[in-house]
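Reading through the structure tokens given below for one structure.
What follows is calculated from the coordinates using simple rules that are stated; it is not laboratory data. Predicted model only: the values in this text are computed from it and were never measured. Counting neighbours? That spans all protein chains shown, and the Cβs are built from the backbone with ideal geometry, glycine included.
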Protein chains: 4
Amino acid sequence: MKKIKVGVLGATGLVGQMLVRLLENHPWFDLSEIAASERSVGKTYLETMKNRWSASESIPVYAKDLKLKECSPGLDCDLVFSALDSGVAGPIEEEFAKAGYAVSSNARNHRMEPDVPLIIPEVNADHAALINAQKKNRAWDGFIVANPNCSTIHLSLALKPLYDSFGIEKVMVTTMQAVSGAGYPGVPSLDSLDNVIPFISGEEEKLESEPLKILGSINGSSVANAVFSISAQCNRVSVRHGHMESVSIKLGRKAETEGIIESLESFNPLEGMGLPSAPRHPIIVRREESRPQPSLDANAEKGMASIIGRIRRCSILDYRFVVLGHNIIRGAAGGTILNAELLRAKGYL
Amino acid sequence: MKKIKVGVLGATGLVGQMLVRLLENHPWFDLSEIAASERSVGKTYLETMKNRWSASESIPVYAKDLKLKECSPGLDCDLVFSALDSGVAGPIEEEFAKAGYAVSSNARNHRMEPDVPLIIPEVNADHAALINAQKKNRAWDGFIVANPNCSTIHLSLALKPLYDSFGIEKVMVTTMQAVSGAGYPGVPSLDSLDNVIPFISGEEEKLESEPLKILGSINGSSVANAVFSISAQCNRVSVRHGHMESVSIKLGRKAETEGIIESLESFNPLEGMGLPSAPRHPIIVRREESRPQPSLDANAEKGMASIIGRIRRCSILDYRFVVLGHNIIRGAAGGTILNAELLRAKGYL
Amino acid sequence: MKKIKVGVLGATGLVGQMLVRLLENHPWFDLSEIAASERSVGKTYLETMKNRWSASESIPVYAKDLKLKECSPGLDCDLVFSALDSGVAGPIEEEFAKAGYAVSSNARNHRMEPDVPLIIPEVNADHAALINAQKKNRAWDGFIVANPNCSTIHLSLALKPLYDSFGIEKVMVTTMQAVSGAGYPGVPSLDSLDNVIPFISGEEEKLESEPLKILGSINGSSVANAVFSISAQCNRVSVRHGHMESVSIKLGRKAETEGIIESLESFNPLEGMGLPSAPRHPIIVRREESRPQPSLDANAEKGMASIIGRIRRCSILDYRFVVLGHNIIRGAAGGTILNAELLRAKGYL
Amino acid sequence: MKKIKVGVLGATGLVGQMLVRLLENHPWFDLSEIAASERSVGKTYLETMKNRWSASESIPVYAKDLKLKECSPGLDCDLVFSALDSGVAGPIEEEFAKAGYAVSSNARNHRMEPDVPLIIPEVNADHAALINAQKKNRAWDGFIVANPNCSTIHLSLALKPLYDSFGIEKVMVTTMQAVSGAGYPGVPSLDSLDNVIPFISGEEEKLESEPLKILGSINGSSVANAVFSISAQCNRVSVRHGHMESVSIKLGRKAETEGIIESLESFNPLEGMGLPSAPRHPIIVRREESRPQPSLDANAEKGMASIIGRIRRCSILDYRFVVLGHNIIRGAAGGTILNAELLRAKGYL
């Protein structure tokens, strides 16, 4: 199988850096183009990132001499990963799709558009079919596929097996989100140190709407949203990586704790598909009373799993649990790569 | 008015230290006795606390030369504040009450006993009447009055005005609690740094039961608990002081946001009573989108207020908000002092 | 004594806010004008600071309705405190001085100019005499007086009594500086959380040069710098307020530990002058083995003192100690106010 | 080559856990015995560590069913790694050595004894020859080899190439040490959060004495200490792993920056020996102005390297730099393993 040439839009930001790291030695994708805002154009990645590279490991050798280009069609690749800021992502991604590129986006701009698939491969791989409608509607040679919000991804992964086994009527969720979710420079130290901020702009709206589309059913060329209510309260805490969510759910049918655990632990719809970035276990259930914790568990399955713990009854809805997941890997960069792998496996690429 | 002689049991711990600080120059109480575990008995407070005093201000001059005594009756005072660890508080507090002392306790041991008033002065001052039943039941000359759990106090203060104005049917709460809530040494740095721990032993049980007693109605010699459900999920975060709680409530009657704010802001049942530690405003409503925050707001009203923000509708229950409060002041030491002031004003002391 | 009308340039930043807080009810100064960058001009302070006010206490009532003006002469006051960013402070401060205003500056721009006094009132009040030379040299009606760098202030306060009593030949200092030293938004959370950054741009240069001017002797219209060497290594740590410095010094003459402590503790040259912001004790010596600490000691004397601990011999130079001080109060806003008070007392205002 | 059977004493602590992790699949050593304090004896490692295992990865499968034994001879192995607390390590290690075991210790108890080699393999592998003297002096069949203090190891690695190339006369060092250096539970959150503690019991003494033995020259059966002065000031900061040290040195001979860098970067005395845990580069020099940083660099070379940055002249001594290293890996568990590998390679095992 020939490797697909890929590019990264927004390669200098926190998510862009993670894309560059995760694409090193990728068996299917060959990162050959990186693009960013104008002031970096023409410089090598090494030069640009000298004082901004934020990982323990050095910049991968393969990426050091890549030159940053403009974020506009003309890149020598077939697929672009978009780690662009939502302030500019909208029209740029459209331009690329129009010009024939496949766009696997992490930006929020197109997520809720009816003909844009909002995909978590384990949850709604079949939504990829919207691509055909999208290309037709928009008369595009390429297309856009969106990755959900970082908190949404882990919540939706946790909800999917329960939704299938028991139905879901209501979801209450309070998040405690890591500072890296706001990018870099992002949250000032004076706001996070010894503090909790009970507000993240736009976050509750995303968390209350995106899962309904993701868990919705595709019907030819459109998605019928899932019908249940989500109430989300989002907080920023002093954690580097790993969003924690306290969840309470009302199920459609009676369930026992063991049945819930069983449905979560056996959930593995990508098994056997051979997607390189798919975790062996997309959901890990911890039974210790004080797990998961960001510092111990966010990197489980190389940051691609959702870790669930403290499953127990709720006196108001039916069940409660906490779910934790890496916000920059599965919640952003890793999610867009897994989406692209899915598209390749399904023949869209 | 002659000052009442008081003692502090457990004077060396985090709550005990705060009692010593808050009782400096108290207009009604004269701290004359301090007691702690055996290994400190006989030493001065200054000597004992040399490397353990945990406040910016020095040990108050008045307390430096007080000698630590055993935690057993024989102290020269009429009232004792108990900041004892729950592992030992139960029998010691009983011994003092039996011996004729008034005990204003912060320990959890006796909180839920039917004849022990569990008091927040602004919420259920009338429960003090249980003291008579208690003395009679137990043939004690003294009595025990309990202060609720630190998270319970701020939640209950927030709920009380709403309960009175609109009724309450359901309460979902997710807490993000400060490390000082676990005392000293308490939470190891390796557990709190860059982390969230989704579990605090015993905390959810207290938070789900205590408010129902506190909001209950006294009926002669017993309290009829309030009848609604509370579901609590408790997390430890990397914050020094100040518990934050994300709350969602179902009200008994229809309410508008402005009515809710009005009921919270006008709540001030102690007004005019002249209790020295009572805050001018027990509830402060912040209207900024990202307040309250522990680092900015926990010390409001000298740590004696509950600060509420982000009041907004909930798609599942009716309303959502966050409430923040100082866990060591109003949530512990300051709460027990205010309780004793109430008892004095009501003639129980 | 009639109050002097004062203004604050850069009133919206972290140091500007602290000036507004510290000038509330100031007995000598009447804050009547606030100025900031163009985008705030015309708005009230309350409106501008709604989501940026960073203190527990609310915006002082007296300042709420003040309107922000441009940072250019025309303000109705005699003295301006400059909390401007060094990127713009230079020419603006000059413009004010030229127009007849007294400028008490916290910016670094003019600190090392030969006719600008760089003052810590307890250390070199006599340097104020440079004002006359400055006015003459520059044909200005007003003048500029500078406040040293935040780390410099506390180091210089610690060195002064030792310099006078024993002479100083060499100073090695390693700082651990609080994030608030970089202003707001300042240091990103991702840089400070669970981390140390061993570099602060320009800081070592200031710390190695400013103390020599401050400890220098004035000789008519110029200062002869003190002659000793300083080697500084500056680090940023995860602390909100309070710079800690590990210091080692070589003295000019033999000294014993008790003599050193005595010279530090008895140091109080402003005693009896009645300057409103002067701490009762500018230097506090702690004898506990693990003090001072930022969280316990930075606010000593309302943030206006330098706290010294761990005084002990050094096997390479002569003595070692740590010095801690509040970087925003004595190290910035409070320092410029104390400077202005000194000038008033000396008749320059 | 047959694998050597090894045991871990103190297997439940922070360093013990790291030993269990690092020994998984070790090519030379076969961990077959684990021992700890009495209350765990008889339980499996899995059972004992359920709520104490502090790593992201799970307990290695190979170790789960090992049963904890008493810390006394009788273990079925030839070599023991001692991660015992210094409160008990002294006599236990002696007992093992007497009974014929090789002991690779991380405890401080025997480090400074004249016939106990205090080894960093890259620095003083030849000191292993003391083993012969030790066995003879003490009439032991086994022996003890000690690993230096965590801050000492990284300082000594940085000093060694400079000592060899230029000589060293004086070393001033100020440390900023991670909380994991104090073990678990170790430093309370209330002490580390938003704080610096300018004192670590016993640390300065170790850092001022151990490098002199390590850099000393072996002369038959004894070590002649290196002759230079070290002055150390030790601070605890809010960092999980990675000790940072600001160092200033006076060299014996003139050196240029490039010569210093060259001597550090070319330092690799273990090259070609094939020790499994030896880093490819024991010293890494970073040229960026704000590196190394604990969060980015402590894990370099799997935590086995010392990372040096900010090499520049010092106005008092000759050169300054910062050195950072992982305190639990190279600074403790990894160090003792590398020591044992060296002994094996040299035929002592």
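Residues of chain B were split at every exposed loop site, defined as GluC sites (Glu not before Pro) in a DSSP loop with at most 16 other C-beta atoms within 10 angstrom, and the longest piece left, sites excluded, is B:71-255. Taking the fewest neighbouring Cβ atoms within 10 Å as the starting point, the ordered list for C:Lys213, C:Lys98 is C:Lys98, C:Lys213. For the protein assembly as shown, the Kirkwood radius over C-alpha pairs fed into Stokes-Einstein at 4 °C and 1.567 mPa s yields D = 38 µm² per second. Residue by residue, the range D:217-228 carries 3J(HN,Hα) couplings of 10, 7, 9, x, 9, 8, 9, 8, 4, 5, 10, 7 Hz when phi is fed to the Karplus relation 6.51 cos²θ - 1.76 cosθ + 1.60 (θ = phi - 60°); x denotes Gly or Pro. Cα centroid distance between the range D:163-183 and the range C:186-241, in Å? Using only Cα atoms, the two centres lie 22 Å from each other. Computed over neighbours whose Cβ is under 14 Å from that of A:Arg240, the net charge equals -2, Lys and Arg +1, Asp and Glu -1. When B:Asp115, D:Asp141, C:Asp194 are arranged by Cβ crowding within 10 Å, least crowded first, meaning fewest neighbours, the order is D:Asp141, B:Asp115, C:Asp194. Rounded to the nearest whole Hz, the Karplus-based 3J(HN,Hα) values (6.51 cos²θ - 1.76 cosθ + 1.60, θ = phi - 60°) of the range D:15-25 follow the sequence 6, x, 4, 5, 4, 4, 5, 6, 8, 4, 6, with x at glycine and proline. Each semi-axis of the equivalent ellipsoid for chain C is √(5λ) with λ an eigenvalue of the Cα gyration tensor; in descending order they amount to 32, 24, 18 Å. Mind checking the mean number of beta-carbon atoms from other chains within 10 Å of the Cβ atoms in A:234-245? Counting other chains' Cβ atoms within 10 Å and averaging over A:234-245 gives 6. Near C:Val41, once Lys and Arg are set to +1 and Asp and Glu to -1 for all other residues with Cβ below 13 Å from its Cβ, the sum equals 0. Averaging the Cα positions of each part gives two centres, and for the range D:28-60 and the range B:99-131 these lie 46 Å apart. Remark: the range C:150-326 carries a charge dipole of roughly 180 debye about the Cα centre, counting +1 on each Lys and Arg Cβ and -1 on each Asp and Glu Cβ.
For A:Ala146, the shell of other residues with beta-carbons less than 12 Å away shows a net charge of 0, using +1 for Lys and Arg and -1 for Asp and Glu.
Dipole check for the range D:199-292: with +1 at the C-beta of Lys and Arg, -1 at the C-beta of Asp and Glu, and the Cα centre as origin, the magnitude is about 80 Debye.
In order along the range A:37-53, the Karplus-derived 3J(HN,Hα) couplings, from 6.51 cos²θ - 1.76 cosθ + 1.60 at θ = phi - 60°, round to 5, 3, 5, 9, 4, x, 8, 6, 5, 4, 4, 5, 8, 2, 9, 10, 5 Hz, and Gly and Pro are given as x. Highest mean packing comes first when the peptides A:329-335, D:195-201 are listed by Cβ atoms within 10 Å, giving A:329-335, D:195-201.
Positive end of the dipole of chain D (Cβ unit charges, origin at the Cα centre): among D:Pro114, D:Val239, D:Ala300, the Cα lying farthest that way belongs to D:Ala300. For the Cα atoms of chain C, what angle does the longest principal axis make with the long axis of helix C:86-98, in degrees from 0 to 90, nearest 10? Compared with the principal axis, the helix lies near 70 degrees. Taken over the C-alpha atoms, the range D:150-326 has Rg and Dmax values of 16.1, 51 angstrom. Going from the residue with the fewest nearby Cβ atoms within 10 Å to the one with the most, D:Phe143, D:Phe228 rank D:Phe228, D:Phe143.
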